[in-house]
């Protein structure tokens, strides 16, 4: 198998590791806007070398694991450049703009729109790990737009890597992912900001922080280059989730100010149902 | 050593385990408002049996690991009941109301106000683990109000358990802990609430949740019986942190609505400094 990975960071690099395990003898080439990342990916043997234009033409598989703004910019030209039988998959955290960018493209049927729900707050080729996708959900959108034989090859590879497949339309994906991923990142960034701002002159405070704090601000380590375009592309859904979150926080605040402790108790007790919900989530980081 | 643990949940039970390791031959008795917890703690050999009034009198050490509203209610009468040389320590997440509850008490010098920064989102004796406090900070307040010999015994025990000691006044403790613990819990509870409310008719969504979501809502599993009185006792500080957090979220929301993506990028980039801050936090749950 000839594979090309565009963007060899956490996701692209981890996929490269899994492809090597799943497909013995695979030849994997890479491209990255950051020459340092490409050099590191070669040094780490994630990829065998740099991909040129002719490698795109000859590729069986091209993985597009770059920030979502670069995906929408790059994907139409990339489809022009790949071969007749090349499977192109992305790993973007938004799906509506990406599917829209290639709607009606003559090679639309070579592309499978994917969002593997896996990752950590780390970035770059050094963050790549084997088995990151094992047992994780990979959401596939607009599957009917992809050629059947191309789908089949993708599903075979995803199966070997251990991904669980879910089909969804791009609109539903973007609406739901705003709640269970994009909002968590904003919540975490703003929590980090609030504490850093307040405590800038009192460094001792972080001695008082425990694992609860760490857990809630962990995502504030995430890459702004990756997340700014996600928030831009999913703006309407993100604004809706943020408005609801802020309204819930204000309500909690007002109940506390009014000494309505029974109401606060009931609200937290009700939200404890999250325990059962979380039991179903396959974790990258076993936190308990 | 004769020890009595009032409240044999996660904290009391974990301390019981550590005391057994640190002080061979220690006799540890317990009390719990929940008879089921006491029975489980005995079955798990966390404690050797139930403590009666005479055991308080004879105790070398009494640990008060119960919700903070019960601490302020119980502590004055408890000090009346203990012996002349008994060391009484608490583990409450607020310090001003607890220190105030025993200010001027004839046996104030038997009490050492403590807040070990350790825990998980789980509760009850089954959640108790050995080594929970190893390398963790234990904040001691108003140390000068405690008799020197009593302090010395406490520090010896804390040293054996591996705690790192920090001294702080109760006001500073309550102000800082609002930022690095209490706010994280509210953020997490309200995030859980927002998502549960929105998605109540669309259960599939949680298939889309990954470890990032899990990390930010983990604390929403916490006990309302423990947390409602903490928010009540630290109301003014918690309101201040909440107001700042909500203002930061609103500002982020408004920048997104106004397409100010460079400003969002800068804000997240700035908050990435949390990476260095988090490096210094000893974790219960190695999340990365």
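The values are calculated or read from the model by the stated rules, or taken from the named source; none is laboratory data. Predicted, not measured: the structure shown is a model, and the values here were computed from it. No Cβ is skipped: glycine too gets one built from the backbone with ideal geometry, and neighbour counts run over all protein chains shown.
From the list A:170, A:224, the lone residue that is modelled with pLDDT of 95 or more, under 14 Å from residue B:273 (Cβ atoms) and surrounded by fewer than 24 Cβ atoms within 10 Å (Cβ to Cβ) is A:224. Residues that are without any contact (Cβ under 8 Å) to a residue 12 or more places away in the chain and within 7 Å of chain A (Cβ to nearest Cβ) were ranked within the stretch B:244-257; the one that is surrounded by the most Cβ atoms within 10 Å (Cβ to Cβ) is B:249. Considering A:103, A:118, the condition of being in the same structural domain as residue A:69 (by TED's automatic domain parsing), closer than 30 Å to residue B:265 by Cα and buried (at least 23 other Cβ atoms within 10 Å of the Cβ) is satisfied by A:118 alone. Within 7 Å of chain B (Cβ to nearest Cβ), under 30 Å from residue B:165 (Cα atoms), over 23 Å from the mean Cα position of the chain (by Cα) and in a helix (DSSP H, G or I): does that describe residue A:205? Yes, satisfied.
Within the stretch A:212-227, identify whether any single residue is in contact with a strand residue (DSSP E or B) (Cβ under 8 Å, 6 or more places away or on another chain) and within 7 Å of another protein chain (Cβ to nearest Cβ), and answer yes or no. Looking through the stretch A:212-227, none of the residues is in contact with a strand residue (DSSP E or B) (Cβ under 8 Å, 6 or more places away or on another chain) and within 7 Å of another protein chain (Cβ to nearest Cβ).
Here residue A:180 clears all of (1) within 17 Å of the chain's Cα centre (by Cα); (2) modelled with pLDDT of 95 or more; (3) not assigned by TED's automatic domain parsing to the domain that holds residue A:17 except the condition numbered (2). Looking at A:217, A:129, which one is more than 30 Å from residue A:84 (Cα to Cα), surrounded by fewer than 17 Cβ atoms within 10 Å (Cβ to Cβ) and under 20 Å from the mean Cα position of the chain (by Cα)? Among A:217, A:129, only A:129 is more than 30 Å from residue A:84 (Cα to Cα), surrounded by fewer than 17 Cβ atoms within 10 Å (Cβ to Cβ) and under 20 Å from the mean Cα position of the chain (by Cα).
Yes or no: the stretch A:185-193 includes at least one residue that is more than 21 Å from residue B:224 (Cβ to Cβ) and touching a residue at least 40 places away in the same chain (Cβ under 8 Å). Yes. The set of residues in the stretch B:1-22 being in contact with a strand residue (DSSP E or B) (Cβ under 8 Å, 6 or more places away or on another chain), surrounded by fewer than 22 Cβ atoms within 10 Å (Cβ to Cβ) and touching a residue at least 12 places away in the same chain (Cβ under 8 Å) consists of B:1, B:2, B:19. Against the conditions (1) closer than 20 Å to residue A:223 by Cα; (2) touching a strand residue (DSSP E or B) at 6+ places or on another chain (Cβ under 9 Å); (3) within 13 Å of chain B (Cβ to nearest Cβ), residue A:138 satisfies every one except (1).
With respect to the stated conditions, residue B:187 fails to be facing chain A (nearest Cβ under 7 Å), at pLDDT below 95, under 19 Å from the mean Cα position of the chain (by Cα) and in a helix (DSSP H, G or I).
When B:236, B:232, B:240 are screened for being more than 7 Å from chain A (Cβ to nearest Cβ) and touching a residue at least 24 places away in the same chain (Cβ under 8 Å), only B:240 passes. Report whether or not residue B:83 is within 23 Å of the chain's Cα centre (by Cα) and assigned to a loop (DSSP other than H, G, I, E, B). For residue B:83, the condition - within 23 Å of the chain's Cα centre (by Cα) and assigned to a loop (DSSP other than H, G, I, E, B) - is not met.
Residues in the stretch A:141-152 that are outside any strand (DSSP E or B) and surrounded by 18 or more Cβ atoms within 10 Å (Cβ to Cβ) were compared, and the one that is nearest to the other protein chains (Cβ to nearest Cβ) is A:142. Does the stretch B:166-184 include one or more residues that are within 7 Å of chain A (Cβ to nearest Cβ) and within 30 Å of residue A:137 (Cβ to Cβ)? So far as the stretch B:166-184 goes, yes, one or more of its residues are within 7 Å of chain A (Cβ to nearest Cβ) and within 30 Å of residue A:137 (Cβ to Cβ).
Residue B:192 meets each of the listed conditions (1) surrounded by fewer than 22 Cβ atoms within 10 Å (Cβ to Cβ); (2) part of a helix (DSSP H, G or I) apart from (1). Take residue A:135 and decide whether it is closer than 27 Å to residue A:34 by Cβ and either surrounded by 15 or more Cβ atoms within 10 Å (Cβ to Cβ) or modelled with pLDDT under 95 (or both). No.
Residue A:40 falls short on exactly one of the conditions (1) assigned to a helix (DSSP H, G or I); (2) surrounded by 22 or more Cβ atoms within 10 Å (Cβ to Cβ), and that condition is (2). Here's a check for you: in the stretch B:258-271, which residue that is in contact with a helix residue (DSSP H, G or I) (Cβ under 6 Å, 6 or more places away or on another chain) and farther than 20 Å from residue B:176 by Cα is farthest from the other protein chains (Cβ to nearest Cβ)? My answer is B:263.
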